[in-house]
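Student: Dropping the structure in here first, questions after.
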Amino acid sequence: MTSSPASPPPPPLAEPYSAKRGSANLLNCDAEPVQTPGCIQSHGALLVLRRADLVVLQVSDNSAAQLGQRPEEILGRSVAAIVGAERAALLERVVARERLEKSPRHVFTLPDLPAADRRGPLDALVHAVDGVVVLELERTERSLERLDLYALVKATIGRLQAATSLRSFCQIAAEELRDLTGMDRVMVYRFHEDFSGEVFAEAQRADLAPYLGLRYPADDIPRPARAIFEKIWIRPVPDATAPLSELVPLVNPDTGRALDMTYCALRGTSVMYTEYLANMGVAASLTLAVHREGKLWGLVACHHGAPFPMPYQVRAACELLAQVVSLQLATVEQREHLEYRLQISETVRRLVDRAAREGGLSILVSGSPSLLDMVRCDGAAVFHQGQWSTVGRAPTDEELDALAVWLRGRATPERRLEVIAVDHLAREYPAGEALTATASGLLAAPLARDGRHFVVWFRGEARRTVSWGGDPREKQIVEGPRGPRLSPRRSFEIWNEQVKGASEPWAAIEIATAAELQASLMEVVVSRAERLAALNADLARSNAELDTFAHVASHDLKEPLRGINKYASRLAAQLAGSLDDEARARLDGMLRLTVRMDGLLDALLLFSRVGRVDVVQERMELDVILAEALEMVDARREETRAVIRVPRPLPVASCDPTRTREIFANLINNALKYNDKPERWVEIGWLDPEAGEPVTFYVRDNGIGIKARYFQTIFGMFKRLHGRDEFGGGSGAGLTIVKKLVEVHGGRIWVDSIPGEGSTFFFTLTPESQP
Ligand code: ADP
């Protein structure tokens with residue numbers, strides 16, 4: 001029933017524990033060693049046999065009454081001395097051949113033992129644990145022999161299958177189990193997230209008050225008890241009022257270890273539990289485990305006011321039913337939510353489609369359907385690229401920011417992508433007190449491991465009344481034989497609690513759908529990133545092709561151009577005397593155009609070279625590079641008599657020296673050129689970078705300036721803002737080449753300017769960190 005590995009054998013106890021003597025000081029139910037009580041319920045007898053030779057190592061101290069022999073007559077002898085040679089041989093075969101761990105098996109029925117006080121045959125159940133064989137002997141119930149339990153169970157299964165809702169399914173289970181066992185009250189008890197529980201369905205004797213709908217605190221079924229129900233299907237306590245029988249000796253003499261009684265039908269009850277039952281007026285109880293997909297979902301608790309025999313045949317039938325109920329539970333739940341489930345998955349499909357088509361996550365909160373339509377909620381939000389977008393009723397951006405910090409802090413590294421469902425936010429997140437109206441409940445799905453992308457749904461407060469079966473805060477300490485210990489509460493009077501600050505809980509299917517959406521969106525987001533990378537690769541490829549094209553074209557065009565120039569010059573010389581003025585002017589114009597075109601082709605060639613020659617990155621003193629650049633523009637500098645200012649030395653930087661010199665030379669040349677002031681100046685400098693960011697260099701002038709609307713245009717190929725020959729002329733390729741020179745470094749160039757006052761060109765030589 002569970003895939004958990006067999007639990008390790010309990011360690012030897014400093015002082016052997018016996019539930020009967022209450023050796024532990026139990027101030028916390030979670031500390032009680034319920035697996036190793038050292039005692040059995042006295043309606044049967046128990047023998048612990050050494051696996052190798054089936055010699056009795058321990059026996060319950062009621063052996064005289066149940067088996068007709070005192071412990072000292074039994075201990076150290078072969079089991080044959082009690083059950084006879086033939087049955088001992090059968091037992092030996094079963095032990096040798098079968099896997100007896102975790103599942104007690106009926107081996108034989110012992111006839112009436114005349115020496116025993118109690119009369120009647122005994123059923124023998126056997127299982128193996130921790131190197132020993134455990135033989136449990138219980139009085140059999142002859143009346144059951146004619147009862148067709150198989151037919152009964154089959155009919156019950158048929159009825160269970162017809163149930164359409166979880167509630168009716170559990171109700172049928174309760175009624176059938178009451179019919180099968182004949183006990184006073186059968187409750188299907190369902191665990192909540194915090195392990196408190198609720199009576200979800202109930203069938204009881206008509207004269208008993210119903211417990212249906214009542215809540216019980218988690219302490220009522222403490223952790224060790226729940227842990228046992230993870231492993232076993234059934235727990236019979238036919239007479240909680242009877243005294244317990246201790247094992248003699250208390251620990252295994254071979255190993256010094258206490259017997260692990262997890263799988264014993266006779267396992268001794270905890271004092272807390274029998275008192276609890278007594279306070280409720282219950283003398284016998286039969287508890288079944290209900291599992292949903294491998295996890296303890298709840299229990300079926302059958303109570304009876306008087307001691308109630310539970311022969312193993314009935315227990316086997318009940319166990320089978322518990323397994324059937326467990327197997328069908330998830331199916332019934334799914335069937336019940338079918339419509340909601342269909343609606344949700346259709347919405348998820350449409351949301352993901354839109355996100356993939358339109359890109360970005362903002363569509364999740366705008367248009368239809370939105371996150372609001374996906375699960376029942378009051379509002380939703382998306383956190384993407386540092387921004388919140390919300391729909392419906394949601395906390396403010398500041399509140400959301402704080403919430404995101406909390407959400408991030410809550411996730412451990414392995415659980416960064418876990419969907420978080422909370423239905424009482426303020427309990428876990430104190431600042432949530434202020435958010436009860438919008439966000440008492442929260443369902444959050446992180447979309448990336450870095451915690452920078454989230455989808456969150458919100459539910460406002462849903463005040464409700466919870467009826468507890470007794471005040472859950474009531475805890476009594478009583479004086480036990482070995483000091484103070486907890487005692488279960490005495491009153492089961494209904495105690496109503498007003499629950500504030502909580503929302504409707506998130507259903508399992510809603511949490512599952514959030515995870516489904518999360519997976520799909522992550523795929524969309526990831527595949528977008530992949531598409532972008534592919535586009536970038538394409539772009540790089542076509543840029544490279546363009547470079548090659550420009551190179552080939554300009555190179556190949558230069559040749560015929562030279563020819564045109566040559567023929568035109570010759571023609572001009574030959575026809576010098578015979579041409580009229582107009583024809584002469586046309587020929588001159590043609591010659592000028594070829595020269596100009598040659599200049600353009602040179603620029604194109606240069607431009608293509610920028611991308612085609614590998615970038616060399618070296619640590620360079622930029623002051624040296626600047627000095628060389630200034631040399632290159634010396635002629636124009638003299639001509640304009642401009643002042644060059646360098647307020648502080650340039651830093652050392654990693655760059656391609658030739659290309660960087662080109663950048664400075666070009667920008668300084670333009671700064672000198674596009675200037676009509678009587679006293680011209682050019683300033684070259686750099687800005688202190690922020691941590692981790694690259695240095696920004698600048699070239700500033702007090703020239704004619706550039707209108708803002710041309711800030712981009714000027715970087716385009718052959719783009720000039722002036723007449724061809726104004727400001728010393730030019731091809732309009734200079735800044736395009738500079739931009740490319742900057743970009744092959746991974747840097748960026750931009751301009752700022754006030755027309756009439758001057759311009760500043762800024763650039764970087766290394767990539768900036770991503771925003
Ligand atoms: P060119 O100088 O060959 O025309 P550029 O690409 O270097 O080509 O410059 C493009 C245009 O940008 C220039 O024609 C000019 O109008 C404008 N420009 C460039 N630098 C400056 C500057 N420092 N001040 C004002 N305008 C400028």
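Student: Quick check on my filter: what residues within segment 670-688 are under 16 Å from Val742 (Cβ atoms) and not aliphatic (A, V, I, L, M)?
Tutor: Asn670, Trp686
Student: While we're here: Among the residues of segment 252-269, which ones are in a loop (DSSP other than H, G, I, E, B) and buried (at least 22 other Cβ atoms within 10 Å of the Cβ)? Steps first, please.
Tutor: Residues of segment 252-269 that are in a loop (DSSP other than H, G, I, E, B), as a first pass: 252-266, 268-269.
Matches in segment 252-269: Ala258, Leu259, Met261, Cys264, Ala265, Leu266, Gly268, Thr269.
Student: Could I ask something else about it? Being within 14 Å of the ligand (Cβ to nearest atom), of a type in the set (Lys, Arg) and over 13 Å from Gly734 (Cα atoms) is the filter here, so list the residues in segment 644-683 that pass it.
Tutor: Listed by number, the residues that qualify are Lys677, Arg680.
Student: Right, something else. Out of all the residues in segment 695-710, which are closer than 26 Å to Val615 by Cα and assigned to a loop (DSSP other than H, G, I, E, B)? Even if it seems obvious, please write down each step before you answer.
Tutor: First, the residues of segment 695-710 that are closer than 26 Å to Val615 by Cα: 695-699.
Of everything in segment 695-710, just one residue is closer than 26 Å to Val615 by Cα and assigned to a loop (DSSP other than H, G, I, E, B), namely Val695.
Student: Suppose the filter is at pLDDT below 90, assigned to a loop (DSSP other than H, G, I, E, B), near the ligand (Cβ under 8 Å from one of its atoms) and on the phi < 0 side of the Ramachandran plot; does Ser731 pass it? Working first, answer last.
Tutor: Working: at pLDDT below 90: yes; assigned to a loop (DSSP other than H, G, I, E, B): yes; near the ligand (Cβ under 8 Å from one of its atoms): yes; on the phi < 0 side of the Ramachandran plot: yes.
Yes, satisfied.
Student: Now for a separate question. Condition first: assigned to a helix (DSSP H, G or I), in contact (Cβ under 8 Å) with a residue 24 or more places away in the chain and not hydrophobic (A, V, I, L, M, F, W, C). Now tell me which residues in segment 387-427 satisfy that.
Tutor: Glu399, Arg408, Arg427
Student: Could you tell me which residue of segment 759-771 is farthest from the ligand (Cβ to nearest atom), considering only residues that are under 18 Å from Tyr674 (Cα atoms) and among the aromatic types (Phe, Trp, Tyr)?
Tutor: Initial filter on segment 759-771 (under 18 Å from Tyr674 (Cα atoms)): 759-762.
If we keep only those that are among the aromatic types (Phe, Trp, Tyr) as well, we get 761-762.
Values: Phe761: 7, Phe762: 12 Å.
The selected residue is Phe762.
Student: Within segment 461-477, is there a residue that is at pLDDT 85 or above, hydrophobic (A, V, I, L, M, F, W, C), surrounded by 14 or more Cβ atoms within 10 Å (Cβ to Cβ) and in contact with a helix residue (DSSP H, G or I) (Cβ under 7 Å, 6 or more places away or on another chain)? Working first, answer last.
Tutor: Within segment 461-477, the subset at pLDDT 85 or above is 461-462.
Right, trim to hydrophobic (A, V, I, L, M, F, W, C) and you get 462.
Adding the requirement that they be surrounded by 14 or more Cβ atoms within 10 Å (Cβ to Cβ) leaves 462.
Next, from what is left, pick out any that are in contact with a helix residue (DSSP H, G or I) (Cβ under 7 Å, 6 or more places away or on another chain): none.
Taking every residue of segment 461-477 in turn, none turns out to be at pLDDT 85 or above, hydrophobic (A, V, I, L, M, F, W, C), surrounded by 14 or more Cβ atoms within 10 Å (Cβ to Cβ) and in contact with a helix residue (DSSP H, G or I) (Cβ under 7 Å, 6 or more places away or on another chain).
Student: Restricting to segment 599-648, name every residue that is in a loop (DSSP other than H, G, I, E, B), more than 19 Å from Asn669 (Cα to Cα) and either of a type in the set (Val, Ile, Thr) or at pLDDT below 85 (or both).
Tutor: Matches in segment 599-648: Val613, Asp614, Val615, Val616, Gln617.
Student: What tally of residues in segment 26-47 results from selecting those that are outside any loop (DSSP other than H, G, I, E, B), surrounded by fewer than 21 Cβ atoms within 10 Å (Cβ to Cβ) and either of a type in the set (A, V, I, L, M) or modelled with pLDDT of 95 or more (or both)?
Tutor: Our first condition is that a residue be outside any loop (DSSP other than H, G, I, E, B); within segment 26-47, this holds for 29-31, 39-41, 44-47.
From the residues that got through so far, the ones that are surrounded by fewer than 21 Cβ atoms within 10 Å (Cβ to Cβ) too are 30-31.
Within this subset, residues satisfying the condition of being either of a type in the set (A, V, I, L, M) or modelled with pLDDT of 95 or more (or both) are 31.
Going through segment 26-47 one residue at a time, the tally reaches 1.
Student: Inside segment 425-455, can you point out the residues that are buried (at least 19 other Cβ atoms within 10 Å of the Cβ), among the aliphatic types (A, V, I, L, M) and under 16 Å from Val382 (Cα atoms)?
Tutor: Ala439, Leu442, Leu443, Ala444, Ala445, Leu447, Val455
Student: From the residues in segment 711-720 that are near the ligand (Cβ under 9 Å from one of its atoms) and either part of a helix (DSSP H, G or I) or not charged (D, E, K, R) (or both), which one is farthest from Arg659 (Cα to Cα)? Reasoning before the result, please.
Tutor: Residues of segment 711-720 that are near the ligand (Cβ under 9 Å from one of its atoms), as a first pass: 713-720.
If we keep only those that are either part of a helix (DSSP H, G or I) or not charged (D, E, K, R) (or both) too, we end up with 713-718.
Details: Thr713: 22, Ile714: 20, Phe715: 17, Gly716: 19, Met717: 18, Phe718: 20 Å.
Among those that are near the ligand (Cβ under 9 Å from one of its atoms) and either part of a helix (DSSP H, G or I) or not charged (D, E, K, R) (or both), it is Thr713.
Student: For Lys740, work out the one condition from (1) charged (D, E, K, R); (2) near the ligand (Cβ under 8 Å from one of its atoms); (3) assigned to a helix (DSSP H, G or I) it doesn't fulfil.
Tutor: (2)
Student: Taking segment 684-710 as the search range and keeping residues that are within 11 Å of the ligand (Cβ to nearest atom) and under 14 Å from Phe763 (Cβ atoms), which one is nearest to the chain's Cα centre (by Cα)?
Tutor: So the residue we want is Val699.
Student: Do you know which residues across segment 653-694 are assigned to a helix (DSSP H, G or I) and of a type in the set (Asp, Glu)?
Tutor: Passing the criteria: only Glu662.
Student: Quick one: what pairs do we get from segment 148-161, first residue within 17 Å of Leu329 (Cα to Cα), second surrounded by 15 or more Cβ atoms within 10 Å (Cβ to Cβ) and not aliphatic (A, V, I, L, M), C-beta under 8 Å, 6+ apart or different chains?
Tutor: Thr156/Glu176; Arg159/Glu176; Leu160/Phe169; Leu160/Glu176; Leu160/Gln328; Gln161/Gln328
Student: Take the residues in segment 530-581 that are modelled with pLDDT under 75 and β-branched (Val, Ile, Thr), then tell me which one is surrounded by the fewest Cβ atoms within 10 Å (Cβ to Cβ).
Tutor: So, considering only residues that are modelled with pLDDT under 75 and β-branched (Val, Ile, Thr), the one surrounded by the fewest Cβ atoms within 10 Å (Cβ to Cβ) is Val552.
Student: What is the one condition in (1) touching an Asp or Glu at 6+ places or on another chain (Cβ under 8 Å); (2) surrounded by fewer than 21 Cβ atoms within 10 Å (Cβ to Cβ) that Val375 does not satisfy?
Tutor: (2)
Student: Provide a single number: the residues in segment 634-684 that are among the β-branched types (Val, Ile, Thr) and closer than 18 Å to Ile704 by Cβ. Before the answer, list the steps.
Tutor: Step one: filter segment 634-684 for residues among the β-branched types (Val, Ile, Thr), giving 640, 643-644, 646, 652, 658, 660, 663, 668, 682, 684.
Still in the list and also closer than 18 Å to Ile704 by Cβ: 640, 643, 668, 682.
Final tally of qualifying residues: 4.
Student: Just name the residue that is farthest from Val646 (Cα to Cα) out of those in segment 682-692 that are surrounded by 14 or more Cβ atoms within 10 Å (Cβ to Cβ) and in contact with a Ser or Thr (Cβ under 8 Å, 6 or more places away or on another chain). I'd like the intermediate steps shown before the answer.
Tutor: At the first step, the residues of segment 682-692 found to be surrounded by 14 or more Cβ atoms within 10 Å (Cβ to Cβ) are 682-686, 689.
Subsequent filtering for residues that are in contact with a Ser or Thr (Cβ under 8 Å, 6 or more places away or on another chain) retains 686, 689.
On the way: Trp686: 9, Pro689: 18 Å.
The extreme case among them is Pro689.
Student: Yes or no: segment 743-753 includes at least one residue that is surrounded by 20 or more Cβ atoms within 10 Å (Cβ to Cβ), under 30 Å from Arg592 (Cα atoms) and more than 8 Å from the ligand (Cβ to nearest atom).
Tutor: There is no residue in segment 743-753 that is surrounded by 20 or more Cβ atoms within 10 Å (Cβ to Cβ), under 30 Å from Arg592 (Cα atoms) and more than 8 Å from the ligand (Cβ to nearest atom).
Student: Within 12 Å of the ligand (Cβ to nearest atom), small (Gly, Ala, Ser), over 22 Å from Leu605 (Cβ atoms) and without any contact (Cβ under 8 Å) to a residue 40 or more places away in the chain, is that true of Gly723? Give the derivation first.
Tutor: On the way: within 12 Å of the ligand (Cβ to nearest atom): yes; small (Gly, Ala, Ser): yes; over 22 Å from Leu605 (Cβ atoms): yes; without any contact (Cβ under 8 Å) to a residue 40 or more places away in the chain: yes.
For Gly723, the condition - within 12 Å of the ligand (Cβ to nearest atom), small (Gly, Ala, Ser), over 22 Å from Leu605 (Cβ atoms) and without any contact (Cβ under 8 Å) to a residue 40 or more places away in the chain - is met.
Student: Out of all the residues in segment 604-618, is one or more under 28 Å from Pro689 (Cβ atoms), within 16 Å of the ligand (Cβ to nearest atom) and either acidic (Asp, Glu) or in contact with a Lys or Arg (Cβ under 6 Å, 6 or more places away or on another chain) (or both)?
Tutor: yes
Student: Here's something else I'd like to know. State all residues of segment 115-140 that are surrounded by fewer than 16 Cβ atoms within 10 Å (Cβ to Cβ) and touching a Gly at 6+ places or on another chain (Cβ under 7 Å); if no residue qualifies, say none.
Tutor: Scanning segment 115-140 gives a single hit, Ala115.
Each row is one residue, and each column tells you yes or no for (1) more than 30 Å from Leu47 (Cβ to Cβ); (2) out of contact with any Phe, Trp or Tyr (no Cβ under 7 Å at 6 or more places or on another chain); (3) aliphatic (A, V, I, L, M).
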{"site": "Pro210", "(1), (2), (3)": "yes, yes, no"}
{"site": "Asp219", "(1), (2), (3)": "yes, yes, no"}
{"site": "Pro222", "(1), (2), (3)": "no, yes, no"}
{"site": "Ala225", "(1), (2), (3)": "no, yes, yes"}
{"site": "Glu230", "(1), (2), (3)": "no, yes, no"}
{"site": "Ile234", "(1), (2), (3)": "no, yes, yes"}
{"site": "Pro238", "(1), (2), (3)": "no, no, no"}
{"site": "Ala242", "(1), (2), (3)": "no, yes, yes"}
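Student: Condition test on Gly756, is it touching a residue at least 40 places away in the same chain (Cβ under 8 Å) and within 8 Å of the ligand (Cβ to nearest atom)? Spell out the reasoning first.
Tutor: Numbers: touching a residue at least 40 places away in the same chain (Cβ under 8 Å): yes; within 8 Å of the ligand (Cβ to nearest atom): no.
For Gly756, the condition - touching a residue at least 40 places away in the same chain (Cβ under 8 Å) and within 8 Å of the ligand (Cβ to nearest atom) - is not met.
The values are calculated or read from the model by the stated rules, or taken from the named source; none is laboratory data. Bear in mind that the values here come from a model prediction, so they are computed numbers and not experimental data. Here Cβ is always computed from backbone atoms with ideal geometry, including for glycine, and neighbour counts include all displayed protein chains.
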